[in-house]
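The values are calculated or read from the model by the stated rules, or taken from the named source; none is laboratory data. This one's a predicted model, so the numbers in the text were calculated from it and none came from an experiment. Note that we place each Cβ from the backbone using ideal geometry, even for glycine, and neighbour counts take in every protein chain shown. Heavy atoms of the whole protein, side chains included, go into the accessibility calculation; ligands, DNA and RNA do not. Shrake-Rupley method; radii C 1.70, N 1.55, O 1.52, S 1.80 Å.
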Amino acid sequence: IEEPEKAAAELRRVARSMVILPISFTKGLRGLPRLMVRLYRLLGFAPKLELAAKEYKSFLGRIGFSDCQYVYIEGKIPMAVAVWKYENEKKK
């Protein structure tokens, strides 16, 4: 995503009840997972932003999704899914 803040604002604008935000953590990978990410890049998947798992919550807070529930998924290329519910923001 070129401009994550604008994308997040648009997601919040059109959300009826929730926004689901999945992400793969490709920053800091080693060994085979790192090689897999390089292969993905050769095939056209080139993320503009790479995050480590520790950075995800603060990144979401910076773009306006501070009140999310998170599910972390371990694996060769770890990932997470954040769920932001619209009513969380309406209460504030």
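So, in region 1-57, how many residues would count as being charged (D, E, K, R) and closer than 24 Å to Gly75 by Cα?
So the first thing to find is which residues in region 1-57 are charged (D, E, K, R), and the list is 2-3, 5-6, 10, 12-13, 16, 27, 30, 34, 38, 41, 48, 50, 54-55, 57.
Still in the list and also closer than 24 Å to Gly75 by Cα: 27, 30, 34, 38, 41, 48, 50, 54-55, 57.
Residues meeting the conditions: 10.
Looking at (1) surrounded by fewer than 16 Cβ atoms within 10 Å (Cβ to Cβ); (2) within 13 Å of the chain's Cα centre (by Cα), which is the only condition Arg30 fails?
It is condition (2) that Arg30 fails.
Determine which single condition Glu10 fails, assuming it passes every other condition in (1) at pLDDT 90 or above; (2) surrounded by 15 or more Cβ atoms within 10 Å (Cβ to Cβ).
Single failed check for Glu10: (2).
Scan region 39-88 for residues that are part of a helix (DSSP H, G or I) and either modelled with pLDDT of 90 or more or open to solvent by less than 60 Å² (accessible area, probe 1.4 Å) (or both) and jot them down. Please lay out each step first, then the result.
We begin by selecting, within region 39-88, every residue part of a helix (DSSP H, G or I); these are 39-42, 53-62, 86-88.
Hits for region 39-88 are Leu39, Leu42, Ala53, Glu55, Tyr56, Lys57, Ser58, Phe59, Leu60, Gly61, Arg62, Asn88.
I'd like the residue in region 15-27 that is over 17 Å from Ser58 (Cβ atoms), of a type in the set (A, V, I, L, M) and open to solvent by less than 80 Å² (accessible area, probe 1.4 Å) and, out of all such residues, is modelled with the highest pLDDT.
It comes out as Val19.
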